[in-house]
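Step one of this worksheet: look at the structure below.
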Amino acid sequence: MASSLYDILGLGNSPDDHVRHEYLSYLTGLGVDELQHVEPERLSQASHTSLLAIQNLSKRSHKAIIASANHHATLSTSLPALGASAAQLKACVPQLDSQASRFSEIYSKSSDNETLKKRRESLLLLRNVDRILDLMELPTLISAAATATPANHAAALDLSAHIRRIQMLYPNSPLVSSIARQAEEAVEGIAASLISSLKTPTLKLAASLRAVGSLRRVLADLPGVTRLLGRSAPSPVRYGMNEQTLGTLFILCRLDTLVTTLHALSPLQKLADDEKARQSSKTASSTWSSGQQTERFLKRYIEIFREQSFGIVSMYKSLFTGSDLSMSQDTETLDPLQPSPAPLSTFALHLVEILLDTLHEYLPVVSDRASRDSILTQVLYCAGSLGRLGIDFSILLAELDEAEWVDVVKRHRLLAGRLESVLGDFKAGAGGPGSRKVSMSS
């Protein structure tokens, strides 16, 4: 029946049109009334529904539909271009493969490539950036510890020793070498500060002990001093040389302080020089008044000399006990042809020379006998004070005026004898009543 309808309608029997064939088969199964009334209504309703659906679709997706239409219009030109690009890509694949193989050969982990080496170094630097920052802050920490109040020299020297150990582990590192140089400069600054502290006019024994103790470590930390003293020498010899160096340094610093303090007497010295010039020209009004300013200068000079020299020698003996003897023995063992004298012995001679030169120059200006005796007595006390430390130079004072010096010594001994006799009588008198009280109580 459906085939007859195909022929009547002139549609032809197309086996591929299944929808049309099914609909014609559906129509042949309907009655006349359904074909006249029901089917037209159903078709009208379906057409209206499809129209509404198409309208809603066009409202919602008109942009996508327009874009699709445009793309469809350009599809005829895009497909040939895509084919050409694909052919070009296919032609480039062998070249890309060869370049990739070349890249893998050049930048493989087993190859020694400069770029890869720099990259590995950069990655290593990135991983250790915190450690490097801590390492770079070490010289700053040394300076901060040295300039703190109070100065923490022990911590600064510990940091310096840590940097030296790191330099021994990494001797070829420019960064570590730079940090080591900065640390060495900081240690040199600490040494300069400690040396300046030894020049303080009011230096006490406790402060000098701290300064010399820190300088002992500083000498061991300074490469220049180590090279000067030598690494090949035995440890006792090296220690003795360090002690001699420290002793010499201490004496030089205190000698500088002594010279500076004595230089502060330049106004009195100028007046004494004027008196000396007037006496030499014989223009003074009287011989008694011509030595007053010189007497003031000499008394003040001897007083300062006595205080400072006694303090220097006593502090030296407290700081370097036994170092002179051990140093002389070690030096003789090291170089018997050129034994180095102990610093204190040469310093004592220099002190005596300074005092005697001043007395030789200015004592003749003082013509009053009482003033001269007073000055010589003061010098005798100075010699006795230093004599308790092993530097008695009273025998050298006879060079000034032997007869006058002998008289001063005799008077001094006579006064000392009288004082001893008075003390003996006092002790005897104090013991008599006590013994009587004991006998009465018994």
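Observations
The rows are residues; the columns are (1) in contact (Cβ under 8 Å) with a residue 40 or more places away in the chain; (2) acidic (Asp, Glu).
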{"position": "ASP112", "(1), (2)": "no, yes"}
{"position": "LYS117", "(1), (2)": "no, no"}
{"position": "LEU135", "(1), (2)": "yes, no"}
{"position": "THR140", "(1), (2)": "no, no"}
{"position": "THR149", "(1), (2)": "no, no"}
{"position": "SER160", "(1), (2)": "yes, no"}
{"position": "ARG165", "(1), (2)": "no, no"}
{"position": "LEU169", "(1), (2)": "no, no"}
{"position": "LEU175", "(1), (2)": "yes, no"}
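- Among the residues of segment 66-77, not a single one is part of a helix (DSSP H, G or I), under 60 Å from the mean Cα position of the chain (by Cα) and polar (S, T, N, Q).
- Output for segment 351-388, where each listed residue is under 48 Å from the mean Cα position of the chain (by Cα), within 18 Å of PHE297 (Cβ to Cβ) and among the β-branched types (Val, Ile, Thr): ILE354, THR358
- Residue match in segment 176-185 (condition: of a type in the set (Gly, Ala, Ser), under 30 Å from VAL212 (Cβ atoms) and part of a helix (DSSP H, G or I)): yes
- Count of residues meeting criterion [β-branched (Val, Ile, Thr) and under 19 Å from VAL129 (Cα atoms)] in segment 169-187: 2
The numbers here are math on the coordinates, done by the rules we state, and not lab data. On a predicted model such as this, the values are computed, not experimentally measured, just so you know. Note: ideal-geometry Cβ built from the backbone for every residue, glycine included; neighbour counts use all protein chains shown.
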